[in-house]
Amino acid sequence: MPYANWQKECDLISLKKYLEMDVKVKQEAAVPPPPSTPATAPESSELLMALIAAYRSALLGMGENGFRACPAVGTDLQQSLSGLETRFGGEVNTLLAKETEKQVQEELQQWSGNTEVYFKAKVDDVKELMIVLARTAESVGDRDQKYAKELNLLTTGLQTIANLEDITQVRSTLVKKASELKTYVDKMAQDSQKLVVQLKGEVSSYETKLKEAEQLAMRDEVTRLPNRRNVESRIEWRIEHRQAFCLAVLDMNGFKQVNDQYGHQAGDELLKQFSGELRSALRSSDVVGRWGGDEFILVLDCELSGAAPQLERIQKWVFGDYTIPLGDKGDVKIHVEAAIGIVQWNDGETVQQVIERADKAMYKNKRSR
């Protein structure tokens with residue numbers, strides 16, 4: 001069993017033990033202890049509360065890090081664990097702990113399986129590209145014996161890359177092999193201009209595919225907006241160039257109820273429509289990204305005073321009713337609003353610091369509603 005899963009199992013077992021201890025202590029508290037026996041209920045109760053707080057923090061941490069590890073499949077895990085965490089805000093008993101333990105295991109198993117499938121598909125795509133490139137180099141070598149030896153070595157190297165499982169190693173080796181291929185192409189350009197044109201076409205095709213893959217990796221799969229990594233890099237660029245900007249975090253109200261009542265497909269459709277309206281309401285220079293779940297992030301190239309008109313446009317044109325198709329069940333109208341927190345970047349702040357301030361401002365706005 002992986003260490004992370006073993007640790008989570010230990011946390012859950014410990015929580016159940018202390019919950020059972022708490023019940024036992026409460027039962028014994030009904031019978032007055034002998035004068036010489038010290039009361040342990042207060043100490044056990046304090047320990048139990050501390051353990052529950054740690055467990056809640058662990059649930060949120062697992063969800064957050066699951067999303068960071070693989071944003072493409074981590075949103076559902078983050079939302080589910082966040083929902084389980086809120087259960088421990090009130091009265092806690094052994095039955096609740098056991099049910100939560102089972103649900104946490106199921107959520108982690110589902111996330112693990114989805115993550116494995118996702119990364120396997122990515123690695124398989126890269127392997128296929130390597131094999132095609134190797135066959136192209138081999139074909140070129142057959143037509144030009146002068147460079148056959150060098151190209152055969154390159155082909156062998158590319159075939160080896162296709163058998164690797166470490167995507168980081170695949171990337172670094174690919175860069176090296178691409179450089180070698182460029183050297184051979186430059187030499188062959190002196191002998192056969194026609195062959196060079198053909199090779200350039202092949203290389204151009206691969207470059208296009210690689211650029212498309214990089215762009216997809218920086219986009220949210222549902223809304224096609226820039227994802228968390230993409231937005232953070234754009235914030236870093238503005239900080240590096242000391243460019244004034246405002247950061248706003250939006251949290252859609254009632255989105256979980258949409259998923260629960262109409263299903264995740266309806267929820268995804270609502271996210272697509274909402275993100276499209278949000279992008280249309282802002283200027284082309286502003287950045288609109290999906291932060292995760294039902295949260296969006298805006299990077300506005302202006303000071304706080306200049307951001308007010310942008311927020312007014314959002315409240316007027318983005319908030320409101322959305323029509324969501326439900327297949328055979330017809331359509332449903334869903335009213336959407338969101339809590340907004342906005343701050344202006346202060347000189348000297350890091351990316352995380354300005355994001356944390358905007359996030360706190362959003363939660364303050366949410367509580368005031």
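The values are calculated or read from the model by the stated rules, or taken from the named source; none is laboratory data. The model shown is predicted, which means the values in this text are computed figures rather than measured ones. Cβ atoms come from the backbone with ideal geometry, glycine included; neighbour counts cover every protein chain shown. For accessibility, only protein heavy atoms count, side chains too; no ligands or nucleic acids. Shrake-Rupley method; radii C 1.70, N 1.55, O 1.52, S 1.80 Å.
Some notes on this structure:
- Each peptide in 329-336, 248-255 receives the mean, over its residues, of other Cβ atoms within 10 Å, and ordering these scores from highest gives 248-255, 329-336.
- Accessible surface of the range 314-359 [probe 1.4 Å, protein heavy atoms]: carbon and sulfur percent: 46
- Under 12 Å, Cβ to Cβ, from residue 321 - net charge with Lys/Arg +1 and Asp/Glu -1: -2
- Prolate/oblate/rounded call for the range 280-322, Cα gyration tensor, a/c under 1.5 rounded: oblate
- Under-5 Å amide H pairs with residue 219, H placed in peptide plane, nonlocal only: 227
- For the range 268-369: relative contact order, % (alpha-carbon pairs under 8 angstrom, 6 or more apart): 19
- The alpha-carbon positions of the range 245-369 define a convex hull whose volume is 102 Å³ per residue.
- The range 222-319, accessible area per residue, ligands and nucleic acids excluded (1.4 Å, Å²): 46
- As a length-normalised measure over Cα pairs under 8 Å and 6 or more apart, the relative contact order of the range 247-305 settles at 44 percent.
- In this structure, the pairs whose alpha-carbon distance is over 24 Å, taken from 102/333; 256/366; 102/364, are 102/333; 102/364.
- Per DSSP, loop trypsin sites (Lys or Arg not before Pro) in the range 211-286 with at most 14 further Cβ within 10 Å: 224, 242, 283
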